[in-house]
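Here's the structure, in structure tokens; my notes come after.
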Amino acid sequence: MTRLIAGFAGSQTLAVPRTGTRPTSDRVREAVYSALEARDAVDDARILDLYAGSGALGLEAASRGARLVTLVEKNGDAAAVCRRNAEAVIRAAPKNARPQIGVTTQPVQSFLDASRAEFDVVFLDPPYDLGETELEHNLAALAPRLAEDAIVIVERSSRSPEPRWPAGIELDRRRNYGETVLWWAQPAEPSQPE
């Protein structure tokens, strides 16, 4: 069972797709959000949850005060679960502080190639069998969509190599949680002319 941890929808149960997804554990979500809130990165933020599955990562942000949450999930059944979960979170929101939550049913790369929006926090939690080249293409298309102080969190198997960071994104830190590793990244500083 997956539940939201905190915020106005804290303890709200979320539906999870029957197959094809690997929900982020409560322990990992709690650690992620503890670190994000320490950076004051969630309140009023624009959140992008790629490979959303049930939408738990993005919806946790909505519950904690994010202004806009976009869930991208190409699997139609999983996207329908995201929509139901988003509706439940919106119903739980105070009337004067309802977040905007959108669900997009399309491949991540197609969404990133077409998007012109800018985001403050981005979660990439692709299937562990997603190839490193495809992940690199996702990150390259994401780079111009990042706000100046954006945070990118990539969740992978601890057996996966470090993502290949494209121009425009650089590694901040790595955190291990058993079989899961989180790669925290940020927009790269522009190189200074010599």
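In table form, for the structure just shown:
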{"read-out": "Filter pass, I47 being open to solvent by 10 Å² or more (accessible area, probe 1.4 Å), of a type in the set (V, I, T) and either assigned to a helix (DSSP H, G or I) or at pLDDT 95 or above (or both)", "value": "no"}
{"read-out": "Whichever residue in the stretch 138-178 is in contact (Cβ under 8 Å) with a residue 40 or more places away in the chain and of a type in the set (K, R) and, among such residues, is least open to solvent (accessible area, probe 1.4 Å)", "value": "R145"}
{"read-out": "Single residue of L130, L135 found to be hydrophobic (A, V, I, L, M, F, W, C), open to solvent by less than 50 Å² (accessible area, probe 1.4 Å) and over 18 Å from I151 (Cβ atoms)", "value": "L130"}
{"read-out": "Subset of the stretch 54-82 that is out of contact with any helix residue (DSSP H, G or I) (no Cβ under 6 Å at 6 or more places or on another chain) and in a loop (DSSP other than H, G, I, E, B) - its residue that is surrounded by the most Cβ atoms within 10 Å (Cβ to Cβ)", "value": "A66"}
{"read-out": "Yes/no for S34 being modelled with pLDDT of 90 or more, open to solvent by 70 Å² or more (accessible area, probe 1.4 Å) and among the polar types (S, T, N, Q)", "value": "yes"}
{"read-out": "Test: V16 is more than 19 Å from A150 (Cα to Cα), of a type outside the set (D, E), in contact with a strand residue (DSSP E or B) (Cβ under 7 Å, 6 or more places away or on another chain) and assigned to a strand (DSSP E or B)", "value": "no"}
{"read-out": "In the stretch 111-135, residue modelled with the lowest pLDDT [restricted to those that are assigned to a helix (DSSP H, G or I) and of a type in the set (D, E, K, R)]", "value": "E132"}
{"read-out": "Condition check for E148: assigned to a strand (DSSP E or B), charged (D, E, K, R) and farther than 22 Å from R29 by Cβ", "value": "yes"}
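Let's see how each residue does on (1) more than 25 Å from A78 (Cβ to Cβ); (2) aromatic (F, W, Y); (3) at pLDDT below 95:
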site	(1), (2), (3)
G102	no, no, no
Q106	no, no, no
Q109	no, no, no
N138	no, no, no
A141	no, no, no
S158	no, no, yes
W165	yes, yes, no
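The values are calculated or read from the model by the stated rules, or taken from the named source; none is laboratory data. Worth saying up front: this structure is predicted, and the values here are computed from it rather than measured. So basically every Cβ, Gly included, is an ideal-geometry build from the backbone, and we count neighbours across all protein chains shown. To get the accessible areas, we keep the full protein, side chains included, count just its heavy atoms, and leave off ligands, DNA and RNA. Shrake-Rupley method; radii C 1.70, N 1.55, O 1.52, S 1.80 Å.
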